[in-house]
Amino acid sequence: MMEALIFEKSKRARKAVSLPEVDLGEEIEKLVPSNYLRKTGLGLPEVSEPDLVRHFTRLSQRNISIDTNFYPLGSCTMKYNPKINETLANLPGLSELHPYQPSSEVQGILHILYETGRMLEEISGMDGISLQPAAGAHGELTSMLMIKAYFEDRKEKRDKILIPDSAHGTNPASSSLAGFKVVKIDSNPEGEVDLKCLSRNMDEKVACIMLTIPNTLGLFEKNILDIAQIIHSKGGFIYLDGANLNAKDVY
């Protein structure tokens, strides 16, 4: 049975919450330029609190949730996160930071970022890392742009990225956004990278291969050394999807 939209349940004058009185000390018109002030109402649905809670609870129960089900997807880090993590992330010292605060007021988060960077360097074996990407696909794009800049600096015209058909779904989008052409690499009957297909498509126009390990089928590439030899023999890079970092370190 389809759940009605919250707007379809709206009845005038019903309220689920009462907003506190504005306590600015001055009229809003004196603080905000008139062209930024809303001229009309928000158009929010008007429902009671029980209706609001029941509506979103029913919607949540229709989703596959990590709290209620196992996620059978090998290429994503959708593990169970202890609820205390949410409490920590919502501490005022983290959730109420502003990018324009002076550095003297944000030494706590700067310390966290510094230590996180050092731990990631040790885990990955890299000389340096970047915390600039805000999400997984953002990290992919950052990596593709770094690889692109590397070859541009070397005056090498490489415009192709190899992506297995079992790779993480955002890999092709990240490659395209970075200006690369995507070349699909087939899987073999075992669900791993087909080495013959890889060899046929690897040449000096390929910048890198994006590997997801374990892949979407939950399989590790047992021929990873052969894959590395094929890619490196033509000067390409191997990108490992970071969505599986926890799984590889923990398991």
Which of the residues belonging to segment 105-161 are more than 20 Å from Met202 (Cα to Cα) and acidic (Asp, Glu)? Glu105, Glu115, Glu121, Glu122, Asp127, Glu140, Asp153
Which of the residues belonging to segment 146-182 are farther than 15 Å from Leu240 by Cα and of a type in the set (A, V, I, L, M)? Ala149, Ala173, Leu177, Ala178, Val182
Tally time: how many residues in segment 137-156 are surrounded by fewer than 12 Cβ atoms within 10 Å (Cβ to Cβ) and in contact (Cβ under 8 Å) with a residue 40 or more places away in the chain? 0
The helices (runs of 4 or more DSSP H) lying wholly within segment 1-111 that contain at least 1 residues that are under 27 Å from the mean Cα position of the chain (by Cα) are 49-61, 84-89, 92-95
Six or more apart or on different chains, Cβ under 6 Å: which pairs go from a residue in segment 188-206 that's touching a residue at least 24 places away in the same chain (Cβ under 8 Å) and over 14 Å from Asp165 (Cβ atoms) to one that's surrounded by 15 or more Cβ atoms within 10 Å (Cβ to Cβ) and among the small types (Gly, Ala, Ser)? Could you list them? Val206/Gly236
Those residues of segment 38-64 that are farther than 28 Å from Lys83 by Cβ and surrounded by 10 or more Cβ atoms within 10 Å (Cβ to Cβ) come to a total of 3
Any residue at all in segment 162-173 that's under 20 Å from Asp203 (Cβ atoms), touching a residue at least 24 places away in the same chain (Cβ under 8 Å) and over 20 Å from the mean Cα position of the chain (by Cα)? yes
Can you name every residue in segment 188-227 that is surrounded by fewer than 19 Cβ atoms within 10 Å (Cβ to Cβ) and closer than 20 Å to Phe151 by Cα? Asn201, Asp203, Glu204, Lys205
Tell me which residues, restricted to segment 157-187, are surrounded by 15 or more Cβ atoms within 10 Å (Cβ to Cβ) and of a type in the set (A, V, I, L, M). Ile161, Leu162, Ile163, Ala167, Ala178, Val182, Val183, Ile185
Under the condition of being among the β-branched types (Val, Ile, Thr) and either modelled with pLDDT under 90 or closer than 24 Å to Phe220 by Cα (or both), which residue from segment 65-116 is surrounded by the fewest Cβ atoms within 10 Å (Cβ to Cβ)? Thr68
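The values are calculated or read from the model by the stated rules, or taken from the named source; none is laboratory data. Predicted, not measured: the structure shown is a model, and the values here were computed from it. Note that each Cβ is placed from the backbone with ideal geometry, even for glycine, and that neighbours are counted across all protein chains shown.
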